[in-house]
Amino acid sequence: MKKHLLFLLLLFSFWIPAQDFRIIPLGVQGGATESNLSAYLITEGKSENYLALDAGTLYSGIDFYLRRKQWAEDPANFLKHNIKGYFLSHPHFDHISGLIVNSPEDTRKNIYLSAYTAEVLQKHVFRWETWANFADTGDQPALAKYHYRILEPQKWLPAEGTTLQMKIFPLSHVGAGKSSAVLLRNSQDKYFLYLGDTGADKIEKTSELKSLWDEIIPLIREGSLKAIAIECSYADGQSSEKLFGHMKPELLIKELAYLAKQSGKKDLNGVKIIITHIKPKKNVEQQIMNELLPARENISVQLAEQGIEIEL
C-alpha cells in the first residue's frame, strides 16, 4: 500500500507544471494612495530572492503582503535581505518614492536603470538639499549604498543575487526614452515583460512600442513569453489630450490586436496580460475591465492586485 501511495505521489508531482515566475505586487496604483504605488517583486520558481520592478511602495507593501500571508517576518528584514536589487522604469515619484524613504535602512544593492533615469536621480533626487545621496556617484559625499547599473538597450545583464537576466527597452512617456520596459529571462529561458509608464505610439508620435512588440513577437510564437505587465491608467472617458503619456483600454486593445495579428491569436492566448498602474477612482477597475472585453474574449487579462501573488 505504501509503495502504491509513493508511486501516486511521484506521478502527481510530474503533473504539476513548473513555476517559471512568481510575482508579488507590493503596490499597483498610479497615484493618490502612498501605500499602494507601483512596485512588483519577481523571482524564479520558489526562490525568495527577488528583483523589484519599480519601487513606489516598499515597506508598507511588504507589510501588507506578509500580514495577508499571516507570516510573522519583519517587513524591514524582508526588504533588506530578500530584495536583491531594483529596476526603475523611470524617475517619477510614484515609481521611486518607496526606495527613497527606505534607503536609510536598506542594505547595499544595485539599481538597474536607463542612463536617463540615472541622470535624473543624480541631479534631482539623491541630492543633499532634498535627501542624502545613498548612491555611489553624484552629489558628495556619496554614501555608496546603491550602485547604478545602467542598462544598455539590446544587451542582457544578470540581476545579481537572482537567477534572472534583464534587457531594457525605451518607452515614450510624454517624450521618447522618458520611460522603459524590461524583459526578464529565467534559467529555463522563459520570459516576462514589464512596462513602465507608456503612451501609445499614435499619441506619443514615436515607434517605441512597435519596436518592443517586434522584439517579443518571436518569443510569443515559440511559447516562451509567459506574461506582459502593462499599464492602463485611465478608462476610455479620458480624452487623448489628457492622457499625459499613459494608456486607456481602446489604445491597449489596438496594441494587443497588433501583437495578435503578428504572432497569431493562438500564440498570444498563451500570454497573460497583467494590467497595472490604474489611476484610482471609484469603480474604475471594473470599468476598465469592461472596456477591455473585446480583448478578453481571446486573451487572458487580469488586474494586478496588491499583495496577491501571480504565478506563471
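What is the packing order of peptides 46-54, 122-130, 201-209, taking the mean over residues of other C-beta atoms within 10 Å and listing the highest first?
Numbers: 46-54: 20.6, 122-130: 14.0, 201-209: 17.6.
Top to bottom by mean Cβ count within 10 Å: 46-54, 201-209, 122-130.
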Just to be sure I follow the rule: in the range 68-174, considering lysines 8 or more places apart or on different chains, how many pairs have Cα atoms under 14 Å apart?
6
Taking H as built 1.01 Å from N, whose amide H comes closer than 5 Å to the amide H of A181, not counting residues under 5 places away?
F169, L171, G196
A227's amide H: which non-local residues (gap 5+, or another chain) put their own amide H closer than 5 Å, with H modeled 1.01 Å from N in plane and none for Pro or chain starts?
L193, K272
Between the range 176-223 and the range 245-292, what is the C-alpha centre distance in whole Å?
14
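Name the shape class, rounded, prolate or oblate, that the alpha-carbon gyration tensor gives for the range 246-312, where a ≥ b ≥ c are the square roots of its eigenvalues, rounded holds for a/c under 1.5, and otherwise prolate holds if a/b is larger than b/c and oblate otherwise. Display every interim value, and only then the final one.
Working: a/c = 2.26, a/b = 1.39, b/c = 1.63.
Oblate is the answer for the range 246-312, as a/c is 1.5 or above yet b/c matches or exceeds a/b.
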Pick out, from H147, Y258, Y116, the residue whose Cα sits farthest towards the positive end of the charge dipole of the chain, with +1 on the Cβ of Lys and Arg and -1 on the Cβ of Asp and Glu.
Y258
Just need log10 I(q)/I(0) for the chain at q = 0.11, 0.16 Å⁻¹, Debye formula, equal scatterers on the alpha-carbon atoms, no solvent, rounded to two decimals.
-0.66, -1.39
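Return a whole-number percent for the relative contact order of the range 93-165, with Cα pairs under 8 Å and 6 or more residues apart as the contact set.
Values: 84 pairs, mean separation 20.6, N = 73.
Once normalised by length, the contact order is 28 percent.
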Which lysines have a Cα lying under 25 Å from the Cα of K279, excluding residues fewer than 8 positions away in the same chain?
K178, K202, K205, K210, K242, K248, K254
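Given axes a ≥ b ≥ c from the Cα gyration tensor, I'd like to know whether the range 165-295 is rounded (a/c under 1.5), prolate (a/b larger than b/c) or oblate. Intermediate values should be presented prior to the final figure.
Values: a/c = 1.73, a/b = 1.38, b/c = 1.25.
Taking the square roots of the gyration eigenvalues as a ≥ b ≥ c, the range 165-295 is prolate.
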Counting only DSSP beta bridges with both partners in the chain, the antiparallel fraction in percent, to the nearest 5, comes to 50
What is the range 20-311's relative contact order, in percent, from Cα pairs under 8 angstrom and six or more apart in sequence?
17
Output wanted: per-residue J couplings in Hz (rounded whole) for the range 138-152, from phi through Karplus 6.51 cos²θ - 1.76 cosθ + 1.60, θ = phi - 60°, x for Gly and Pro.
x, 3, 9, x, 8, 7, 6, 7, 10, 10, 6, 9, 6, 8, 9
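Could you tell me whether the range 64-186 comes out rounded, prolate or oblate from its Cα gyration tensor? Rule is a ≥ b ≥ c as square roots of the eigenvalues, rounded for a/c under 1.5, then prolate if a/b exceeds b/c, otherwise oblate. Provide the component values of the computation, followed by the final result.
Values: a/c = 1.64, a/b = 1.16, b/c = 1.42.
Oblate is the answer for the range 64-186, as a/c is 1.5 or above yet b/c matches or exceeds a/b.
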Once amide hydrogens are built 1.01 Å from N within the peptide plane, the residues lying 5 or more places from N110 or on another chain with amide H under 5 Å from its amide H are Y86, H147
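Going by average Cβ neighbours within 10 Å, how do the peptides 243-252, 133-142 rank, with the highest at the top?
On the way: 243-252: 20.4, 133-142: 16.0.
So the order, starting with the most tightly packed, is 243-252, 133-142.
Bear in mind these aren't lab numbers, they're just calculated from the coordinates by the rules spelled out. Computed from a prediction, not measured in an experiment: that's the story for all the values here. We place every Cβ from the backbone using ideal geometry, glycine too, and count neighbours over all the protein chains shown.
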